[in-house]
């Protein structure tokens, strides 16, 4: 939602990433145009000496627009059918944008980024679901495994040269992948 900035913890996490990147040359820094992502990228950019390039393809899953402003409790009670459909099979969700369309959009960003910056470090500030959708595709995993990919707030995930979800996977999925 527009108007929702970072918490104090979020600003500390963004600053920690920026500090970790201080002195490392970034080829590019992209971000979702949503407020929290742009704020996160701005903190990182200032500390890492980079310029933020907003990119719509890094936007949060558009399926979530229908729930904007709802608490988790309201979502479970007032949008129970949509919530349960998402929980049981996120790949079957089609309102606003399907999971496959989300993966298409994130994958298009990644392909264009590889072409524009074949060498060097590119950083993207995005949201959980675009990242998980892209990882599912890169790892050849089904949509039902979406919830096994555990990525915490402020965590970084390497997408190339090869996507590696080993530290991200829950024990059940790790056993099947390894």
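The values are calculated or read from the model by the stated rules, or taken from the named source; none is laboratory data. Everything quoted here is computed from the prediction, not taken from an experiment. A quick note on method: Cβ atoms are made from the backbone with ideal geometry, for glycine too, and the neighbour counts reach across all protein chains shown.
What are the residues in the range 4-19 that are without any contact (Cβ under 8 Å) to a residue 60 or more places away in the chain and either closer than 28 Å to residue 115 by Cβ or outside any helix (DSSP H, G or I) (or both), if any?
Listed by number, the residues that qualify are 4, 5, 6, 7, 18.
Could you tell me how many of the residues in the range 20-47 are at pLDDT below 90 and assigned to a helix (DSSP H, G or I)?
3
Kindly indicate the residue of the range 107-122 that is buried (at least 16 other Cβ atoms within 10 Å of the Cβ) and touching a helix residue (DSSP H, G or I) at 6+ places or on another chain (Cβ under 7 Å) and also farthest from residue 93 (Cα to Cα) among those meeting that condition.
Filtering the range 107-122 down to residues buried (at least 16 other Cβ atoms within 10 Å of the Cβ) leaves 107, 109-110, 113, 122.
When the remaining residues are screened for being touching a helix residue (DSSP H, G or I) at 6+ places or on another chain (Cβ under 7 Å), the result is 107, 109-110, 122.
Values: 107: 19, 109: 22, 110: 23, 122: 31 Å.
So, considering only residues that are buried (at least 16 other Cβ atoms within 10 Å of the Cβ) and touching a helix residue (DSSP H, G or I) at 6+ places or on another chain (Cβ under 7 Å), the one farthest from residue 93 (Cα to Cα) is 122.
When you look at residue 76, is it touching a helix residue (DSSP H, G or I) at 6+ places or on another chain (Cβ under 6 Å), surrounded by 14 or more Cβ atoms within 10 Å (Cβ to Cβ) and part of a helix (DSSP H, G or I), yes or no?
Considered against the rule, which asks whether it is touching a helix residue (DSSP H, G or I) at 6+ places or on another chain (Cβ under 6 Å), surrounded by 14 or more Cβ atoms within 10 Å (Cβ to Cβ) and part of a helix (DSSP H, G or I), residue 76 comes out as no.
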